[in-house]
Every structure is written in structure tokens, then in C-alpha cells.
Amino acid sequence: MRLFSEVQNAQPSAKQKEDIHVLLVAGSNGWWNYRHQADVAHAYHLVRNNGIPESNIIVMMYDDIVNNPDNPYPGKLFNQPYGPDVYHGLKIDYRGDSVNPKNFLNVLQGKSNGVSGGNRRVLNSTTNDRVFVYFTDHGATGLIAFPDDILSKEDLNTALTNMHKEKRYSQLVFYLEACESGSMFDGVLKEQMNIYAMTASAPDESSWGTYCDNDMDLPCLGDLFSINWMQDSEKVHFYCIKLTFSII
């Protein structure tokens with residue numbers, strides 16, 4: 001199953017490009033969680049550069065890093081040492097307290113009446129569309145974290161099941177960066193749901209930050225799984241999910 005390559009290779013019309021909908025979420029806040037927001041900002045530019053229009057991308061990010069008093073580069077965010085400023089040009093839809101499990105699940109399911117704060121944008125995907133979800137933060141067995149709350153395995157998979165029943169996608173790809181992230185899908189997803197989930201770790205292992213020993217006076221700039229899939233997709237013209245899985 002290809003996610004971005006069909007957009008690149010076929011050179012479709014503007015209307016055809018709109019059949020991929022993207023939800024990017026950094027679930028943490030705080031200076032020492034710098035890497036999560038940097039990951040999401042990088043992912044935003046990656047999908048934009050692969051032909052996904054702004055109108056089809058939703059970003060949830062606490063947005064307390066670039067103007068943090070500890071930031072030696074005010075207004076800037078880096079996902080690799082001395083790399084590009086990934087905050088530049090980033091469009092954020094939900095900030096601060098609006099980054100929470102309730103909003104995430106409602107945005108994912110296209111339920112605008114259930115969201116609060118932010119700009120109230122939700123995924124408007126249909127049965128013919130593909131959906132890509134990327135979430136990065138901390139986690140534990142059966143849960144992933146938000147700044148002031150958690151999201152359980154049960155609640156996430158109930159939402160995905162509802163999306164399948166309501167025909168809100170043709171294919172859904174979910175990349176999850178968190179410790180024990182494999183536990184969120186282990187033994188739950190059914191093949192007929194046509195969901196491909198790839199996680200940073202097995203159900204019983206940690207995920208890891210990277211670029212932690214940088215000389216920029218910054219915390220870890222990225223997460224190992226996230227950096228691998230994003231840098232790989234930037235190098236490989238025909239971005240295939242199975243290829244990405246084998247490389248990571």
C-alpha cells in the first residue's frame with residue numbers, strides 16, 4: 001500500500017490530490033519534550049512537499065517550545081542538528097489546552113460538534129479517501145499521553161472502528177511514536193478494517209529520542225523512529241510503506 005507515492009508518481013489533478021487527509025499530533029508539552037513538536041513540524045513539511053494541500057492537513061501541537069525562555073533560537077525549531085527551521089511555514093490548528101484526547105478523537109472522526117478550542121477543523125474524509133495519522137509523545141502499556149490527560153487503547157480503537165463503520169476512509173495509515181506503542185494496536189485491528197499501523201516500539205519496549213548529544217544547547221531534537229521514517233521518505237522518491245517498515 002502506497003501513501004504518498006501515488007501523489008508524486010501519477011502527477012494527478014488538484015482535485016485528485018485532495019484524497020489524502022493528514023492528522024499530525026504532538027501530545028506533549030514542556031521544554032524537555034522539544035523533540036515531539038519538532039517531529040510534527042518536520043512531518044508537516046514532508047506531507048506538504050509530497051503534494052498534500054494545507055486544506056487536508058490538521059496539526060495539533062501545544063506550541064510552547066519556539067518562544068520558550070530556554071530556547072536559544074527564539075521562534076525556531078529544529079529536528080536535526082543545524083537543519084532547517086521546521087517551524088517556519090507551519091500551520092497549527094489546535095494549540096495549548098485544545099490538544100487533548102477528546103478533541104483528537106473528534107477531529108479524527110470528523111465530528112466538528114465535539115471539538116472545543118482551536119479552529120474546529122476536522123478530517124472531512126470519505127469512503128474514497130486515504131487517511132494518514134502521525135502521533136508522537138510518551139506512552140505506556142495500553143495508553144498514550146496528552147499534556148493533561150491520557151488516551152486509552154480502548155478509546156482509540158473504538159474511534160477507528162467507528163470510522164470504518166461510517167466509511168470515512170478507504171485506507172488508513174497510523175504511525176505512532178511512544179514507549180510501548182505497539183500495545184495500542186496489539187491483537188485489536190481486524191484485517192477487513194484496512195488499517196496499517198506502524199509503531200516505534202513493541203508492546204513491551206521503549207522508544208528512543210535521538211540527536212540528544214547535539215552542540216546546539218537543545219534537548220533531543222527528534223525521536224529515532226520518527227527521524228528514520230521521515231528522512232527515509234525524503235530520500236526515496238517512491239515512498240512505499242512496506243519499504244519503510246523494512247528499513248526502520
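Just so you know, all these numbers are worked out from the coordinates, no wet-lab data involved. Since the model is a prediction, treat every value here as computed from it, not as a measurement. For neighbour counting, all protein chains shown are included, and Cβ atoms are generated from backbone atoms with ideal geometry for every residue, glycine included.
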- Note on the structure: When Trp32, Trp208 are ranked with the fewest other C-beta atoms within 10 Å first, the list becomes Trp32, Trp208
- Message: Can you list residues from other chains, or at least 5 along the same chain, whose modelled amide H is less than 5 Å from the amide H of Asp63?
- Response: Gly96
- Message: I'd like the distance separating the alpha-carbon centroids of region 67-99 and region 160-193, in whole Å.
- Response: 29 Å
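Determine, for each peptide in 51-62, 83-94, 173-184, the mean count of other beta carbons within 10 angstrom over its residues, then list the peptides with the highest first. Walk me through the numbers before you get to the answer.
Values: 51-62: 20.0, 83-94: 17.8, 173-184: 24.4.
So the order, starting with the most tightly packed, is 173-184, 51-62, 83-94.
Which of Lys165/Lys190; Lys190/Lys235; Lys111/Lys153; Lys102/Lys165; Lys102/Lys153; Lys167/Lys235 have a Cα-Cα distance over 24 Å?
Numbers: Lys165/Lys190 13 Å; Lys190/Lys235 32 Å; Lys111/Lys153 20 Å; Lys102/Lys165 20 Å; Lys102/Lys153 14 Å; Lys167/Lys235 33 Å.
Listed pairs above 24 Å: Lys190/Lys235; Lys167/Lys235.
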- Task: Could you line up Phe185, Phe135 from fewest to most neighbouring Cβ atoms inside 10 Å?
- Result: Phe185, Phe135
- Sequence-distant residues sharing a close amide H with Ile58 (under 5 Å, placed H): Val22, Leu23, Leu24
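Which value in Å is the Kirkwood Rh of region 82-204 over different Cα pairs? Numbers along the way, then the final one.
Numbers: mean 1/r = 0.0656 Å⁻¹.
Evaluated on region 82-204, it is 15.2 Å.
Out of all DSSP beta bridges with both ends in the chain, state the antiparallel percent to the nearest 5.
Values: 10 of 34 bridges.
The antiparallel fraction comes to roughly 30 percent.
Can you sort Thr199, Thr136, Thr141 so the residue with the fewest Cβ neighbours within 10 Å comes first?
Numbers: Thr199 22, Thr136 30, Thr141 14.
Ascending number of Cβ neighbours within 10 Å: Thr141, Thr199, Thr136.
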- Task: Treating the Cα atoms of the chain as identical point scatterers in vacuum, please give the log10 of the normalised Debye intensity I(q)/I(0) at q = 0.16, 0.17 Å⁻¹, two decimals.
- Result: -1.22, -1.40
